[in-house]
Amino acid sequence: MEGIAGLLAVTLAATFVVAAVLKLRDRRGTTDDFASLGLPRPATLAALVPLAELAVALMLVVAPGWGAVAAFVLLAAFTTVLIGVIRAGRVVSCACFGGGNSEPVDIGHVVRNAVLMVWALPVLGVDRIARPSGTETVVGLALIIGPAAVLAWWRARRRSG
């Protein structure tokens, strides 16, 4: 089980790194998207959120259990914002992976975040990343690729729809 948790920790860390780098690459777009989301001080958040994401990624690798707590809390905060936008009926970009992303916030973003939060749960009790066995690798990859593939299929189906 520790090997599966390690795979999930590394996957979450990579996700946070990608999100942070894309936000940093387009700070202006991220600032604009954060403003559209109705967030206070969007320019400040456009600078701080990627730093928080990078810190969470580092924690997931160095102290996985604590990193999982931080990841869960950060994802819960992001999800709360997304649900507020959906409930308000606003059509705006989520800025989840950088500014300028034209895809409007929808339930798919909430589901994706829920999956990431679920991935954090097995990592909570882990104090170091363990090398997965062959079986743990297969199971871990299934837990990562399966939900990602289903979500991608569902989103593509909704777009064509």
Next item on the list: Give me the percent of the accessible area of the chain that comes from carbon and sulfur atoms, probe 1.4 Å, all protein chains in place.
Entry: 69
Check: What percent do you get for the relative contact order of the chain when only Cα pairs under 8 Å and 6+ apart count?
Finding: 36
Checklist line | Per residue accessible area of segment 1-147, 1.4 Å probe, in Å² | finding: 49
Next item on the list: Take every Cα pair under 8 Å in segment 1-56 that's 6+ residues apart, average their separations, divide by the length, and report that relative contact order as a whole percent.
Entry: 40
Check: With contacts defined as alpha carbon pairs under 8 Å and 6 or more residues apart, what's the relative contact order of segment 29-122 in percent?
Finding: 32
Checklist line | Estimated 222 nm signal from helices in the chain, with DSSP H stretches of n ≥ 4 weighted -39500 (n - 2.57), rounded to 500 | finding: -26000 deg cm²/dmol
Next item on the list: Could you tally the net charge around GLY67, taking each other residue with its Cβ under 12 Å from the Cβ of GLY67, Lys/Arg +1 and Asp/Glu -1?
Entry: -1
Checklist line | Label corresponding to semi-axes √(5λ) of the Cα gyration tensor in Å when calculated from the structure given, among (1) 28, 19, 12; (2) 62, 21, 16; (3) 34, 18, 13 | finding: (1)
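The values are calculated or read from the model by the stated rules, or taken from the named source; none is laboratory data. Keep in mind it's a predicted model, so treat the numbers as computed, not measured. Glycine also receives a Cβ, built like all others from the backbone with ideal geometry; neighbour counts cover every protein chain displayed. These accessible areas exclude ligands, DNA and RNA; they are computed on the full protein's heavy atoms, side chains included. Shrake-Rupley method; radii C 1.70, N 1.55, O 1.52, S 1.80 Å.
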